[in-house]
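The values are calculated or read from the model by the stated rules, or taken from the named source; none is laboratory data. Predicted, not measured: the structure shown is a model, and the values here were computed from it. Note that we place each Cβ from the backbone using ideal geometry, even for glycine, and neighbour counts take in every protein chain shown.
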Amino acid sequence: MILANKLLLGALAAASQTAAFCFAPEPTRRICYSDPGATPQNITLQEITYVAGYLRYYGQQPGNPQFYTMNLPDADNCAEWQVTTKGSTWVMAKLVGDSAASVTFDDLANTIDGGAGANATTKAKALYGCNTAGGQMGVVLNATDPRYKQTQFTDGTYTNQGIVIKLVRNPGA
């Protein structure tokens, strides 16, 4: 029995060194950091607008990738990456799925501000609606975007599910 326990502990230790596990992945529903138990981030609406516009612009420039991609094992389950920063606002992406994921920069931006030229109702449903507190939510996809019909999505190399965007305070600000 002792040998079996040592073997089990050894196997668990080896597994923990080769992959990270996320035993409680974060939900994809919108969570504002003004909600009970959360910590408001004190970011600005102007910076939120800027980062969304920047992401949209970046993805439209010739020579730049059209997709924000989180590959495995670099972004194994629950890895968080910095997407961009403006002043006090830090945009983070977290992989909460089990597969490599890729989404358009337009969808990242639309998740943040509701879309270019969005009305007040649409902005209120996006992360922009969390106001200066910041928040997080799964990327809202434009499922009719023809870019999601490309081979890397149809052959299973990537999914367009499983990325959560967070608007948090830049620790350097």
Exercise for review: Determine which single condition Phe105 fails, assuming it passes every other condition in (1) out of contact with any helix residue (DSSP H, G or I) (no Cβ under 8 Å at 6 or more places or on another chain); (2) over 15 Å from Glu47 (Cβ atoms).
Suggested key: (1)
Check your understanding: Does region 107-115 contain at least one residue that is among the aliphatic types (A, V, I, L, M), over 14 Å from Gln66 (Cα atoms) and exposed (fewer than 15 other Cβ atoms within 10 Å of the Cβ)?
Key -> no
Point to revise | Verdict on Ala52 being among the aliphatic types (A, V, I, L, M), out of contact with any Cys (no Cβ under 9 Å at 6 or more places or on another chain) and more than 21 Å from Tyr158 (Cα to Cα) | key: yes
Point to revise | Considering residues of region 61-106 that are hydroxyl-bearing (Ser, Thr, Tyr) and in contact (Cβ under 8 Å) with a residue 60 or more places away in the chain only, the residue surrounded by the most Cβ atoms within 10 Å (Cβ to Cβ) | key: Thr89
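Within region 116-134, count every residue that is crowded, with 16+ Cβ neighbours inside 10 Å and either at pLDDT below 95 or on the phi < 0 side of the Ramachandran plot (or both). Steps first, answer last, please.
Step one: of region 116-134, the residues crowded, with 16+ Cβ neighbours inside 10 Å are 118, 123, 126-134.
After this cut, where a residue has to be either at pLDDT below 95 or on the phi < 0 side of the Ramachandran plot (or both) as well, the list is 118, 123, 126-130, 132-133.
Residues flagged as crowded, with 16+ Cβ neighbours inside 10 Å and either at pLDDT below 95 or on the phi < 0 side of the Ramachandran plot (or both) within region 116-134 amount to 9.
Pick out the one residue from Thr121, Thr104, Thr111, Thr69 that is among the β-branched types (Val, Ile, Thr) and farther than 27 Å from Gln150 by Cα. Don't jump to the end; show me each part of the working.
Details: Thr104 fails: farther than 27 Å from Gln150 by Cα; Thr111 fails: farther than 27 Å from Gln150 by Cα; Thr69 fails: farther than 27 Å from Gln150 by Cα.
Only one candidate qualifies: Thr121.
Among the helices (runs of 4 or more DSSP H) lying completely within region 97-173, list those that include at least 1 residues that are among the β-branched types (Val, Ile, Thr) and more than 13 Å from the chain's Cα centre (by Cα).
Numbers: elements: 105-113, 120-125, 151-154.
Hits in region 97-173: 120-125, 151-154.
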